[in-house]
1. Summing +1 for each Lys or Arg and -1 for each Asp or Glu, what net charge is found among the other residues whose Cβ lies under 10 Å from the Cβ of Leu76?
2. Mind giving me the nanometre distance, one decimal, between the label points for Arg172 and Asp109, set 7 Å out from Cα along Cα→Cβ?
3. Give me the net charge of Val121's neighbourhood, meaning all other residues with Cβ under 12 Å from the Cβ of Val121; Lys, Arg count +1, Asp, Glu -1.
4. Contour minus end-to-end for Tyr154 and Met63, with contour as 0.36 nm per residue of separation and end-to-end as the Cα-Cα distance?
5. Once you place label points 7 Å from the Cα toward the Cβ at Asp83 and Trp116, how far apart are they in nm?
Amino acid sequence: MQPLPRLVQKLAASALVLMLASPEAVAHPHEFIDAGVELRFDADGRLAAVRVVWVYDDLTSLMILTDRGLDPDGPLTEAQAADLSGFDMGWDADFAGDTYLLMGDTPLDLGRPQDWTARVVQGRIITTHVRRLSAPLPPGAAPFVVQVYDPGYYTAYTIATAPLIRGREDCRAEVYGPDIAAADAALAEAIRELSGDDPEADFPAIGAAYAEEVRVTCRQD
């Protein structure tokens, strides 16, 4: 993983898909989300929850709002916002939420989404949700890492805002981007290997190669 520029990396990756895809292959990704990450520590200084923000791209927002009979130019009424809230929270049991929490290289369990919201700003849908840890964890020698990606790369995520930390003053969060050369090579190979009548179904789990991540380090007592 290397530090960003993030937007340039994502644009390059998307362009590569379009250039390499054969007529039979389905280009990825199909939608783009600007993500925000907030780490919440409890009164004892333990990581208790992660709040996630998703800002959908203009086209995806337009399609969702139009399908629901809502004016994309907004603003939404209170009732319309309540109706829209949770439209993206009906997760299958095996869906990991495209957000992954680790301590160093060790995966940590994030709970199902709670406290979700939705609104529309300048034609883009913005949703939030909170995922709580089953048991709050104190910072260790290894940093907390939050990775944001869709394994199937249908959706491309960009960590577009500075990560937030609530509940501690001695933690630092930095955003890192992927090894683009390695990710591009893996994507090109994946596209070459696509076969069958339904290339969408064959598309491999390449999204992790393009994952952006937040690394959070805290002072050790």
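Derivation of every value follows stated rules applied to the coordinates shown; laboratory data play no part. Since we're looking at a predicted model, the values are computed, not measured. Ideal geometry is used to build each Cβ from the backbone, glycine not excepted, and the neighbour counts take in all protein chains shown.
1. Details: positive: Arg119; negative: Asp71, Glu78, Asp83.
That works out to -2.
2. 3.3
3. -1
4. 31.2 nm
5. 1.7
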